[in-house]
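K.L.:
My questions all concern the structure below.
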Amino acid sequence: MNSYIYPKNKEHFKRLIPFAKEVIYICKEEGIKPLLYGSYSHLYYTRDKDIEVNDIDLIIPKRYFSKIAKALKKNKIEVIPENGKIANSGSLIIKRGDLQVELDEPGVISEKDLEEKKFKKIDFYGEDINIIRLKDLEKIYPIAYETSVITKNKISKQIKSLEKFLGRKLK
């Protein structure tokens, strides 16, 4: 399946792609294989061009947070730990102006899964990367909805879109 698809906010997304690829490249240079998920994985599987992709979400093992933060800072890329300190954070926010990539620790997908599972390899606009499987996306949404305070409305829309695509309700 061709992964070259654009969301509703196409112009922002086109500027986001090179930044995301730069972060992915730095991860790989550091021996870290990021896993693509989030809104882009939703867009990839459903082809729903009515959703917006405002950032790129990647999963990496938490034990690599300090290593990748140093490498990104060395490349003059802003790194903001979610909870003020890298050791306490579940996410690292990577920024350049209004562009954002989020590096998250594994949640539903455990670190063991990252090491052992076979994920789908895709061409992310010229960069090879693994993406979560559709069944993993199905597991993530109900958990994200229950734990979210700020993005419940957005997640609810994505759940409805995914259910329409699947032709059934999520479990």
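The values are calculated or read from the model by the stated rules, or taken from the named source; none is laboratory data. Please read these numbers as outputs of a predicted model, since none were measured by experiment. Methodologically, a virtual Cβ is constructed for each residue, glycine included, from the backbone with ideal geometry; neighbour enumeration extends over all protein chains shown.
K.L.:
Yes or no: the range 70-78 includes at least one residue that is touching a Cys at 6+ places or on another chain (Cβ under 9 Å), surrounded by fewer than 19 Cβ atoms within 10 Å (Cβ to Cβ), without any contact (Cβ under 8 Å) to a residue 60 or more places away in the chain and in a helix (DSSP H, G or I).
P.N.:
Yes: one or more hits.
K.L.:
Here's something else I'd like to know. Which residues, taken from the range 135-152, are hydrophobic (A, V, I, L, M, F, W, C) and crowded, with 17+ Cβ neighbours inside 10 Å?
P.N.:
Correct list: Leu137, Ile140, Ala144.
K.L.:
Of the conditions (1) of a type outside the set (Asp, Glu); (2) surrounded by fewer than 17 Cβ atoms within 10 Å (Cβ to Cβ); (3) part of a strand (DSSP E or B), Asn54 fails just one. Which one is it?
P.N.:
Of the numbered conditions (1) of a type outside the set (Asp, Glu); (2) surrounded by fewer than 17 Cβ atoms within 10 Å (Cβ to Cβ); (3) part of a strand (DSSP E or B), the odd one out for Asn54 is (3).
K.L.:
Just to be sure before I move on: is Glu111 closer than 21 Å to Lys28 by Cβ, at pLDDT 90 or above and either touching a helix residue (DSSP H, G or I) at 6+ places or on another chain (Cβ under 9 Å) or surrounded by 14 or more Cβ atoms within 10 Å (Cβ to Cβ) (or both) in the structure I sent? Talk me through it step by step, then tell me what you get.
P.N.:
On the way: closer than 21 Å to Lys28 by Cβ: yes; at pLDDT 90 or above: no; either touching a helix residue (DSSP H, G or I) at 6+ places or on another chain (Cβ under 9 Å) or surrounded by 14 or more Cβ atoms within 10 Å (Cβ to Cβ) (or both): yes.
Criteria not met by Glu111.
K.L.:
Next question. Considering every residue within the range 30-39, establish whether at least one is among the charged types (D, E, K, R) and under 19 Å from Ile109 (Cα atoms).
P.N.:
yes
K.L.:
Also: Please determine, by comparing only the residues of the range 28-39 that are outside any loop (DSSP other than H, G, I, E, B) and in contact (Cβ under 8 Å) with a residue 24 or more places away in the chain, which one is nearest to Arg168 (Cα to Cα). Explain how you work it out, then say what you get.
P.N.:
Pass one, the range 28-39, residues outside any loop (DSSP other than H, G, I, E, B): 28-29, 35-37, 39.
Cutting the leftovers down to in contact (Cβ under 8 Å) with a residue 24 or more places away in the chain gives us 29, 35-37, 39.
Numbers: Glu29: 41, Leu35: 26, Leu36: 24, Tyr37: 21, Ser39: 20 Å.
Per the criteria, the residue is Ser39.
K.L.:
Here's a check for you: in the range 28-42, which residue that is buried (at least 22 other Cβ atoms within 10 Å of the Cβ) and either in contact with a Gly (Cβ under 8 Å, 6 or more places away or on another chain) or of a type in the set (A, V, I, L, M, F, W, C) (or both) is farthest from Lys67 (Cα to Cα)?
P.N.:
Filtering first and then ranking leaves Leu36.
K.L.:
Which residues, taken from the range 10-27, are over 14 Å from Tyr125 (Cα atoms) and surrounded by 20 or more Cβ atoms within 10 Å (Cβ to Cβ)?
P.N.:
Across the range 10-27, the qualifying residue is only Cys27.
Residues checked against (1) more than 18 Å from Pro106 (Cα to Cα); (2) at pLDDT 90 or above:
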residue: Asn54; (1), (2): yes, yes
residue: Ile60; (1), (2): no, yes
residue: Tyr64; (1), (2): no, yes
residue: Ile68; (1), (2): no, yes
residue: Ala71; (1), (2): yes, yes
residue: Asn75; (1), (2): yes, yes
residue: Asn83; (1), (2): no, no
residue: Ala87; (1), (2): no, no
residue: Ser91; (1), (2): no, no
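K.L.:
Pull up the range 80-99, narrow it to residues that are under 15 Å from Glu22 (Cα atoms) and over 16 Å from the mean Cα position of the chain (by Cα), then point me to the one that is surrounded by the fewest Cβ atoms within 10 Å (Cβ to Cβ).
P.N.:
Checked the range 80-99; the qualifying residue surrounded by the fewest Cβ atoms within 10 Å (Cβ to Cβ) is Gly97.
K.L.:
With the condition kept exactly as written, say whether any residue in the range 149-157 is among the hydroxyl-bearing types (Ser, Thr, Tyr), within 20 Å of Leu170 (Cα to Cα) and either at pLDDT 85 or above or assigned to a helix (DSSP H, G or I) (or both).
P.N.:
Yes, the range 149-157 contains at least one residue that is among the hydroxyl-bearing types (Ser, Thr, Tyr), within 20 Å of Leu170 (Cα to Cα) and either at pLDDT 85 or above or assigned to a helix (DSSP H, G or I) (or both).
K.L.:
Going through the range 146-171 one residue at a time, which ones are hydrophobic (A, V, I, L, M, F, W, C) and within 18 Å of Asp50 (Cβ to Cβ)?
P.N.:
Ile155, Ile159, Leu162, Phe165, Leu166
K.L.:
Please find, within the range 1-27, the residue that is nearest to Ala71 (Cα to Cα) out of those that are of a type in the set (A, V, I, L, M, F, W, C) and not in a helix (DSSP H, G or I).
P.N.:
Top of the filtered list is Ile5.
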